[in-house]
Structures are given as structure tokens and as C-alpha cells.
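Below: one structure, written as C-alpha cells.
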Amino acid sequence: MTDWNEDAAAGEARVAVHPVAAASSTVVAPLLQDEIAAARSYRAQAKAANTLRAYLSDWSQFEGWCWERNLDSLPARPEAVATYLAALALAGKADSTIGRHLAAIGWKHRQAGLVAPTLRDERMVIADTLAGIRREQRARPSARKAALTAKDLAAMIAVAEGEGTRSIRDRAILALGLAAALRRSELVALERRDIEMVDKGLRLTLRHSKTDQEGEGQVIAVPSGKTLKPVERLKAWLEVRGSTAGPLFYRIEPQGRLTDKPMSDRSIARLIQKYAGRTDLDPETVAGHSLRAGFLTEASRSGATIAKMQEVSRHKKVEVLLGYVRSAELFDDHAGAEFL
């Protein structure tokens, strides 16, 4: 969509001189302005809130990089963008993150009514640079974070001892994160209204997620459990938190005082690494995704079907789920088990 300010002005000018529309110009112009405002509003909702925050952050970083090197960021030359992507790769960014930065740069150009650098890249310097980065990263050893088993998580919950506000909150986050196979972004986006206690556990409503960009909402069943006890731990947190509307998990100040602000997704990763470090686990091997991966790995080991795993994980592609199944069953019925 182009910048509507100039188009609206031109439209009003046409109305003013048109022999038939001139008499009703005082009616048409306000209607057009209302429709323009609606179009802007709908356009603003085209991207999920998390995506917009990421794009704005990525654009700010690119803008700063250009400023330090005396380069134009808007419009940006394809060669400058390709060099920026290379700089991100040198800094150790994953190709998925680099791809998002590139998308953010294109998004900002379109917002400004400019052609995205990728569409002005006649020599394909951006595409070739990105392809080279991806080829190199595929050749590197995988840095995928380890899945947390139920035994691992039980040990982490055990070291989060005490009845302080932070300990109660952290135990609930750890247990619920694995029980519902949640991404760290989903954990911090939960609100109090998303929790409904039922006889067999709780119903968890995810209003937005990576696989639900349109915000249709997804409901996950979380059993009460016998070992990790996610429902019991969440109830303990709710008694501390209270029933007011807002984020399900609040930030806590160093003194232990609750705030009314949601946690950040990075704080979830730090929380997991903190408690992993208090057990026999290497904190460098785990992160936010370890809770989600842990659920899928444990579900596969316990014989859960792909369909039942997908109900909780909400994966759109079964191939991704199969990766967890293969990993969990790697040594089951091994071809060499009888003769090695």
C-alpha cells in the first residue's frame, strides 16, 4: 500500500473538479478519510505484535550499523544490505535470525513507500550472500539446545526451593512450560484470562503463537500430573499473584516485590539456565526451547502418537515432529543390537 496522504489529497482534488461529484464533495472526502484510516489500521494489524517488535528492533540495529559506517539506511543499497548480513553472520547470528533482519529491512522500505533492496538487487548480491551464509552454517556442528527430560526438570524444580515469591513463580514456569510444550515467547505472552481450571487439570488458551499468526487461538489441555504437578504449582503461583487481569507471569524485583510488567522471553532462557546450573546439567546446553523439546522427547519415549503430540505442540508440519520421534527412538530396536 502506498502512502495515502498524497493519494487522498489527489482524490479530493479530483472530486472537487468532477462535474457530478463536485456537489457531494463535502460528503465523499470525509468518507474517504475514514476509509483511509481504516486501511491504515488493518495494515498495522497485518503482522503479529511479536513480529512487529522484532522488526522494529532489527531495523534499529541496521540503522545504527549504517550510521556508524556513513551509509544510507533508507533507501539502502543492495551491496550495503549484503555486507550487513555478512556482519551478522560474523557475529554468530543464526541464518533464521539473519533472514528476519533482511525481512525487517524490506518491511521498513515498504512502509516508507520505497522498493525493498532485494527487488533492486540486479546482481543478486543479497541472495548470493545469504545463500553462502546458509551453506556455511549448515557445514557447522549443530548448536541445538538439549531437551530437558522430566527427570532433569524435577531436579531443577527441587533446587528452586523455598516459599518466596520468585521460587513459587519459577517452579510454575518450569512445570507449565514443559507440560504445555510452550515456546518462551508463548510463556511470557500468557495472561490470567488464558487459564481455566477444570476437573482433570487446566485448559490453556494461546491467543497468538508462531504457528497461529492470525490469532485464531489454540487451546491446550494440561493434566494435573503426578510428578511435575504443573497444575498444583500454577495454583500456588496464582495465590501469590492474585486474580487481577494482566500477564500471567510478572517480573519480580531483586527485593522480591512483584511488578505489573510481563517477563521477557530472554528472562525465561536465563531462568532455565540458572536452575540447570544448580543441578548436574551444563547451563550452556539448555535454553528456552529445552522445555518444549523436552515434552516432545518424553512424549515420544512414552509411546504417544504423533497426533496426540501435535495436539499439544501445535506443529503445522509433521516432519518437524518426526525429528523428535527419531531422536527419542534412536537406540530402540537398533539394527545391530543382536550382534554388536
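Worth pointing out:
- Other-chain or far-sequence residues with amide H under 5 Å of ARG251's (modelled H): THR259, LYS261, MET263
- Ascending count of other beta-carbon atoms within 10 Å, so fewest first, for SER243, SER167, SER57, SER290: SER243, SER57, SER167, SER290
- Built amide H within the under 5 Å cut-off of GLY246, gap 5+: ARG192, ARG193
- Among the listed pairs LYS274/LYS308; LYS200/LYS226; LYS200/LYS308; LYS145/LYS235, those whose Cα-Cα separation exceeds 21 Å are LYS274/LYS308; LYS145/LYS235.
- Here is the list for the range 158-256: GluC sites (Glu not before Pro) lying in DSSP coil, each with at most 11 other C-beta atoms within 10 angstrom of its C-beta, are GLU161, GLU163, GLU214, GLU216.
- Our coupling estimate for the range 226-234, obtained by passing each phi through the Karplus curve with A = 6.51, B = -1.76, C = 1.60 and θ = phi - 60°, is 10, 10, 7, 6, x, 5, 4, 5, 5 Hz, Gly and Pro reported as x.
- For the range 65-80 versus the range 219-293, the gap between their alpha-carbon centres in whole angstrom: 41 Å
None of the figures in this text is laboratory data; all of them are computed from the coordinates on show. Please read all numbers here as calculations on a predicted model, not as lab measurements. Every residue, glycine among them, receives a Cβ derived from its backbone with ideal geometry; neighbour counts consider all protein chains shown.
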